[in-house]
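**Q** Below are the structure tokens for one structure; questions will follow.
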Amino acid sequence: MFSAFEWMLAMRYLRARRQEGFISVIAWFSLLGIGLGVATLIIVMSVMNGFRAELLGRILGINSHLSVSSHTQVLMNYQGLADKLVQIPGVVSVAAMVDGQVMASINGASQGAVVRGISPVDIQKRKLVSDNIVAGSLDDFAGNDAIAIGQRMSFKLGVRVGDAINLISPKGNVTAFGTVPRVRAYKVVALFDIGMFEYDSSFIFMPLESAKIYFLTNGGVTNLDVFVDDPDKASAMIPEIHRIAGPGTRVHDWKRANASFFNAIQVERNVMFLILTLIIVVAAFNIISSMIMLVKDKGRDIAILRTMGATRGTIMRVFFISGSSIGVIGTFGGLALGLAFAKNIETIRQWIQGLSGSDLFAAEIYFLSQLPAKVDLGEVTAIVLLGLGLSILATLYPAWRAARLDPAEALRYE
């Protein structure tokens, strides 16, 4: 399609001579702009994908795909309902839960916490918890006074495995002097570190039977956690579960429970993509300006080539190669930089933190303890095609203008 002569001439025009130095500088800035734009898009999209995937994995590792609860706040005779629900095609398991809010206190330090009553067998199935025990053991997660807490909560309260924590429930005991909050001491038997700040700093797991007693559920549970084989299809199973659960029950899926959170991430992701695409657009305009200046500077050369028999198509292809080469090199350079950065982003973050002495990814703000990145092949392909497309489009007008240059007019003004 392109002859060796056209390639040779195009590459020669890209090499700067003294009188063309400014044009070459603009071309180099265009190349860097496209490269940085492509790299930034890949890095930001990878981080957003990784952020969403990590949050989703941790949320679904702690919470259920579907939750069945009662309008009366307590599900009685829940075991029969659980046996029916587990028979539904696509349902993997059903776990009984008792949820409640408490104030955890020890040695004058206190903070709010969420207690989740769960059977010792079911907590072992929650691999996000059982595989991330950093102190103690879930083998001791039994009896009426055992609890497992997050490592960050242990740091806040200054407790270790074996220490006792006072749990204060707002649902107190009614006495002749009014309602008195229930206070009971529980022994910490295990510390877990999930890697999500919200869970590690505020969740307490308690054996199910002990939670029933503490929260006075009269043998019932607050909800049934339903796990399915495909979380994305959980919402489609709500009608069948609601039919089996019967009236007086509520069924909601993980998407509804976290809808505002994930919708905010998606909106932010789309806005970031749009804003960062402007970097590539600006670089493409730089290609247009540099190529127009090059065409103007090479007007006499174009006229001579035309008088020597070069066709308009040849002239157009020469400048098309010159302009598109900037975009192609910049795009693939940005691709390599973006992939390398995304693959080593956590190492780079720690290195920058060591140099600056500041926390660039505070777990309290971003919920995760590590900066995640997940490269999506489809998105990377789209970003590369975007960079190549804008670069090629930016060269069409200058190349067309060079091909339309009249040799007689060019030589006359020279």
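**Q** Could you give me the residue pairs with C-beta distances under 8 Å whose first residue belongs to the range 69-94 and is farther than 15 Å from PRO247 by Cα and of a type in the set (Asp, Glu), whose second residue is modelled with pLDDT under 85 and buried (at least 19 other Cβ atoms within 10 Å of the Cβ) wherever it lies, and which are 6+ apart or on separate chains?
**A** Within 8 Å, no pair qualifies.
**Q** Would you kindly identify the helices (runs of 4 or more DSSP H) lying entirely within the range 66-153 that contain at least 1 residues that are surrounded by 14 or more Cβ atoms within 10 Å (Cβ to Cβ) and touching a Lys or Arg at 6+ places or on another chain (Cβ under 8 Å)?
**A** Of the helices (runs of 4 or more DSSP H) lying wholly inside the range 66-153, those with at least 1 residues that are surrounded by 14 or more Cβ atoms within 10 Å (Cβ to Cβ) and touching a Lys or Arg at 6+ places or on another chain (Cβ under 8 Å) span 127-130.
**Q** Also: With respect to the numbered conditions (1) surrounded by fewer than 21 Cβ atoms within 10 Å (Cβ to Cβ); (2) farther than 22 Å from ILE165 by Cα; (3) more than 26 Å from the chain's Cα centre (by Cα), which one is the sole condition not fulfilled by ASP229?
**A** (3)
**Q** For ILE204, are the conditions met, namely being of a type in the set (A, V, I, L, M), surrounded by fewer than 18 Cβ atoms within 10 Å (Cβ to Cβ), in a strand (DSSP E or B) and under 37 Å from the mean Cα position of the chain (by Cα)?
**A** Considered against the rule, which asks whether it is of a type in the set (A, V, I, L, M), surrounded by fewer than 18 Cβ atoms within 10 Å (Cβ to Cβ), in a strand (DSSP E or B) and under 37 Å from the mean Cα position of the chain (by Cα), ILE204 comes out as no.
**Q** Among GLY100, GLY37, GLY90, which is more than 29 Å from GLY117 (Cα to Cα), modelled with pLDDT of 85 or more, within 36 Å of the chain's Cα centre (by Cα) and of a type outside the set (Val, Ile, Thr)?
**A** Unique residue meeting the criteria: GLY37.
**Q** Anything in the range 307-324 that is among the hydroxyl-bearing types (Ser, Thr, Tyr) and buried (at least 19 other Cβ atoms within 10 Å of the Cβ)? List them, or say none.
**A** SER322, SER324
**Q** Taking helices (runs of 4 or more DSSP H) that fall entirely within the range 237-352, which contain at least 2 residues that are among the β-branched types (Val, Ile, Thr) and in contact (Cβ under 8 Å) with a residue 60 or more places away in the chain?
**A** 238-245, 259-297, 299-307, 312-343
**Q** For ASN223, state whether it is under 16 Å from VAL68 (Cβ atoms), over 27 Å from the mean Cα position of the chain (by Cα) and touching a residue at least 60 places away in the same chain (Cβ under 8 Å).
**A** So ASN223 passes the test.
**Q** Under the condition of being under 16 Å from VAL47 (Cα atoms) and among the hydrophobic types (A, V, I, L, M, F, W, C), which residue from the range 245-274 is nearest to the chain's Cα centre (by Cα)?
**A** Per the criteria, the residue is ILE265.
**Q** Continuing with this model, one more query. Can you go through ALA257, ALA303 and tell me which one is more than 22 Å from ALA394 (Cα to Cα) and surrounded by fewer than 18 Cβ atoms within 10 Å (Cβ to Cβ)?
**A** Result of the check over ALA257, ALA303: ALA257.
**Q** Could you give every pair whose Cβ atoms fall below 6 Å, whose first residue belongs to the range 155-172 and is without any contact (Cβ under 8 Å) to a residue 12 or more places away in the chain, and whose second residue is polar (S, T, N, Q), counting only separations of at least 6 or pairs across chains?
**A** Qualifying pairs under 6 Å: GLY172/THR179.
The values are calculated or read from the model by the stated rules, or taken from the named source; none is laboratory data. Computed from a predicted structure; not experimentally measured. All Cβ positions, even for glycine, are placed from backbone atoms using ideal geometry, and neighbour counts span all protein chains on display.
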